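The values are calculated or read from the model by the stated rules, or taken from the named source; none is laboratory data. Because the structure is a prediction, the values reported are computed rather than measured. Note: ideal-geometry Cβ built from the backbone for every residue, glycine included; neighbour counts use all protein chains shown.
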Amino acid sequence: MLRIRTVTDADSRLLWEWVNDPEVRSASFHSDVIPWEEHVAWFRKKRADPNCHIYILVGEGGRPVGQVRLNVQAGDSAEVAISIAPNQRGRGQGVEALRLACGRLFETTGVKRIVAYVKPENMASIRLFEKTRFVRQGDEWVAGHKAMKMILDRSHWPEIVEDT
């Protein structure tokens, strides 16, 4: 059974390792490897930001298997980013991670919609968001890349819980 927990300072190195995985870098809108010092500064800033919610997906024995970050913007929407540990991909854990993290955000904030931006060639992420009831709402440009804009509306949340 999977669960989520809030990120701690002890997770910093693990998140840095995951974010620099070649598959994660290629799916990212900024594909350069992230130096440790830059990550540490970013991590501290995000941990101190009350509008940033970072969750660690935990598997058997308390082993971290992925992360979901939700940045609340403009009061009623949030942007989501997700990554699964390289040795855990392809097991369907991303869907459960998104369901748990989005559910927690909807239950604890006034957020009405969660937005994901995905490169059109990133079929694994597109399938992941579709399985979690995100709906395509057109395309936008993100950091010079065409991106699919996908939205999960709070009104669909009960349906997602019932599907679990």
Worksheet, complete the sentence: Checked the range 15-33 for anything without any contact (Cβ under 8 Å) to a residue 60 or more places away in the chain and closer than 22 Å to W141 by Cβ; matches are V24, R25, S26, S28, S31, D32
Response to the item:
So, first residue under 13 Å from F129 (Cα atoms) in the range 91-110, second residue hydrophobic (A, V, I, L, M, F, W, C) and part of a helix (DSSP H, G or I), Cβ within less than 8 Å, six or more apart or across chains; the pairs are G94/L128; V95/L128; L98/L128; L98/F129; R99/I160; R99/V161; C102/W157; C102/I160
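Provide a single number: the residues in the range 9-22 that are exposed (fewer than 15 other Cβ atoms within 10 Å of the Cβ) and either out of contact with any Pro (no Cβ under 7 Å at 6 or more places or on another chain) or among the hydroxyl-bearing types (S, T, Y) (or both). Let's see the steps before the verdict.
Looking only at the range 9-22, we keep the residues that are exposed (fewer than 15 other Cβ atoms within 10 Å of the Cβ), and these are 9-10, 13-14, 17, 22.
If we keep only those that are either out of contact with any Pro (no Cβ under 7 Å at 6 or more places or on another chain) or among the hydroxyl-bearing types (S, T, Y) (or both) too, we end up with 9-10, 13, 17, 22.
Counting residues in the range 9-22 that are exposed (fewer than 15 other Cβ atoms within 10 Å of the Cβ) and either out of contact with any Pro (no Cβ under 7 Å at 6 or more places or on another chain) or among the hydroxyl-bearing types (S, T, Y) (or both) gives 5.
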Worksheet item: In the range 1-49, which helices (runs of 4 or more DSSP H) lie fully inside it and hold 2 or more residues that are modelled with pLDDT of 95 or more?
Response: 12-19, 36-48
Item to complete: Hey, can you tell me all the residues within the range 1-53 that are farther than 24 Å from I126 by Cβ and of a type in the set (G, A, S)?
Response: A10, S12, A41, A48
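Would you pick out the residues in the range 125-164 that are small (G, A, S) and modelled with pLDDT under 90?
Of the residues in the range 125-164, the ones small (G, A, S) are 125, 138, 143-144, 147, 155.
Listed by number, the residues that qualify are A143, G144, S155.
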Worksheet item: What residue, of G59, G90, is surrounded by 16 or more Cβ atoms within 10 Å (Cβ to Cβ) and more than 22 Å from I151 (Cα to Cα)?
Response: G59
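Looking at the range 4-19, which of its residues are among the polar types (S, T, N, Q) and more than 15 Å from the chain's Cα centre (by Cα)?
Start the filter on the range 4-19 by keeping residues that are among the polar types (S, T, N, Q), which leaves 6, 8, 12.
Passing the criteria: T8, S12.
Out of the residues in the range 67-84 that are surrounded by 19 or more Cβ atoms within 10 Å (Cβ to Cβ) and in contact with a Gly (Cβ under 7 Å, 6 or more places away or on another chain), which is nearest to V135 (Cα to Cα)? Talk me through it step by step, then tell me what you get.
As a first pass, look at the range 67-84 and keep what is surrounded by 19 or more Cβ atoms within 10 Å (Cβ to Cβ): 67-68, 70, 72, 78, 80, 82-84.
With the extra rule that they be in contact with a Gly (Cβ under 7 Å, 6 or more places away or on another chain), the set shrinks to 82-84.
Values: I82: 17, S83: 20, I84: 21 Å.
Going through the qualifying residues, I end up with I82.
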